[in-house]
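Peer 1: Have a look at the structure that comes next, please.
Laboratory data are not the source of any read-out in this text; all were calculated from the coordinates shown. Since the structure is predicted, the reported quantities are computational estimates derived from the model, not experimental observations. Note that we place each Cβ from the backbone using ideal geometry, even for glycine, and neighbour counts take in every protein chain shown.
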Amino acid sequence: MSAVSKNRRLSVKDIRARKGGEPLVCLTAYTAPVAAILDSRMDLLLVGDSLGMVVYGMDDTLAVSLEMMIAHSQAVMRATASAFVVTDLPFGSYEESQELAFRSAAHLMSESGCQAVKLEGGVEMADTIQFLTARGIPVMSHIGLMPQSVHATGGFRAQGLSQEDAERIAADADAVQEAGAFTVVIEGTSESVARRITERLTIPTIGIGASPACDGQILVTDDVLGLFSGFKPKFVKRYAEIGDAIANAADAYAAEVRAREFPSMAHCYGVPKKA
Ligand code: KIV
């Protein structure tokens, strides 16, 4: 028998129960040190395939592999105890068939211990979401701007701005809920589309560039911290400038090494302590 942990992790049930209530606060996490800091401060941590861009310097998320997602999820799981942890299924690991999606999701969850998977797609992925949820895999869906489809849609552009496109995204939202998704990320769309979807769904909506109308918000942590300077979407707000702090620290270290000021005797072994 194991003792009941004081810091029980949030569960799918807890996340669903937040529909229409206190907003769900979510960020991405990719590494153990950052995940440890975010754990008690966030409801949900996403090991997002955005790591391809913000950690590995790729132009988009398409070359991210399942093995990369597993390694980063393991790091995040080791460092956390209370946040709900979801991991992205990367491009190519689920679209081909329901069976492939199940194998990838099961491998990801059993190797890392993450609690749910996220996959991109609406109506076209509904059967796959149903297949996974019927087999015990909690699915967070991702609709609107879908980064894994940037080449098909013509770039990182806001979606649902025409009436026709707004209808398409609303149909996607209905389809993923019907298929059993426990929550849906809506990326890069207007307030009216996000509000309409949030009002009609019974599962929580989590917005990224989708207005305050959603049941929760998520951002890429490296964007929030000022660590990623590739580009800054309109919806990002920087809460810190860690990139500048790193540059300043590196400059100070370099100057002291060049001036032979670091290391000082205080950083050396075998030096008797002053009485
Ligand atoms: O990969 C990612 O980081 C995402 C976002 C929703 C934050 O999918």
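Peer 1: Cα-based Rg (one decimal) and Dmax (whole number) for region 12-267, in Å?
Peer 2: 19.3, 70
Peer 1: Positive end of the dipole of the chain, charges at C-beta (+1 Lys, Arg; -1 Asp, Glu), about the Cα centre: which of 69, 142, 267 has its Cα farthest in that direction?
Peer 2: 267
Peer 1: Can you show me the helix-derived [θ] at 222 nm for the chain, built from DSSP H runs with n ≥ 4 at -39,500 (n - 2.57) apiece and divided by the number of residues, rounded to the nearest 500.
Peer 2: It lands at -11000 deg cm²/dmol.
Peer 1: How large is the charge dipole for the chain, taken about the Cα centre, if only the Cβ atoms of Lys, Arg (+1) and Asp, Glu (-1) carry charge, to the nearest 20 debye?
Peer 2: It works out to roughly 1300 debye.
Peer 1: When only DSSP loop residues count, what GluC sites (Glu not before Pro) in region 222-264 have their Cβ near at most 16 other Cβ atoms within 10 Å?
Peer 2: Those that pass, being in a loop and sparsely packed, are 241, 261.
Peer 1: What angle do you read, to the nearest 10 degrees and between 0 and 90, between the alpha-carbon axis of helix 163-179 and the longest principal axis of the chain?
Peer 2: It is inclined by approximately 90 degrees.
Peer 1: Also, I was wondering about something else. Test of the criteria: in region 89-178, which GluC sites (Glu not before Pro) are in a DSSP loop and have at most 11 other Cβ atoms within 10 angstrom of their Cβ?
Peer 2: 96
Peer 1: Quick one: putting +1 on the C-beta of Lys and Arg, -1 on the C-beta of Asp and Glu, what dipole do you get for region 32-104 around its Cα centre, in Debye to the nearest 20?
Peer 2: About 380 debye.
Peer 1: Continuing with this model, one more query. Students often forget the sequence filter, so: which lysines lie under 28 Å Cα-Cα from residue 234 once same-chain residues fewer than 8 apart are removed?
Peer 2: By straight Cα distance, residue 234 reaches 19, 118.
Peer 1: Right, something else. Pull up all non-local amide H partners of residue 116: gap of 5 or more, or a different chain, and H-to-H distance under 5 Å with H placed in the peptide plane.
Peer 2: Hits under the 5 Å cutoff: 87.
Peer 1: If I build a Gaussian network model for the chain, linking alpha-carbon pairs within less than 10 angstrom, which residue out of 32, 105, 259 has the largest mean-square fluctuation?
Peer 2: Comparing 32, 105, 259 in a Gaussian network model of the chain, the most mobile one is 259.
Peer 1: Can you sort 206, 37, 169 by how many other beta carbons sit within 10 Å, fewest first?
Peer 2: If I rank by nearby Cβ atoms, fewest first, I get 37, 169, 206.
Peer 1: From the square roots a ≥ b ≥ c of the eigenvalues of the alpha-carbon gyration tensor of region 119-275, which class results: rounded (a/c under 1.5), prolate (a/b over b/c), or oblate?
Peer 2: Prolate shape, in that a/c is at least 1.5 and a/b is the bigger ratio.
Peer 1: Considering only 56, 156, 224, whose Cα is most displaced toward the positive end of the charge dipole of region 12-267, charges sitting on Cβ of Lys, Arg (+1) and Asp, Glu (-1)?
Peer 2: Positive-most Cα among the choices belongs to 224.
Peer 1: Now a separate question. From the phi of every residue in region 250-264, what ³J(HN,Hα) in whole Hz does the Karplus formula 6.51 cos²θ - 1.76 cosθ + 1.60 yield, where θ is phi - 60° and glycine or proline is x?
Peer 2: Karplus-based 3J(HN,Hα) across region 250-264 equals 5, 5, 5, 4, 4, 5, 5, 5, 4, 8, 6, 8, 10, x, 8 Hz.
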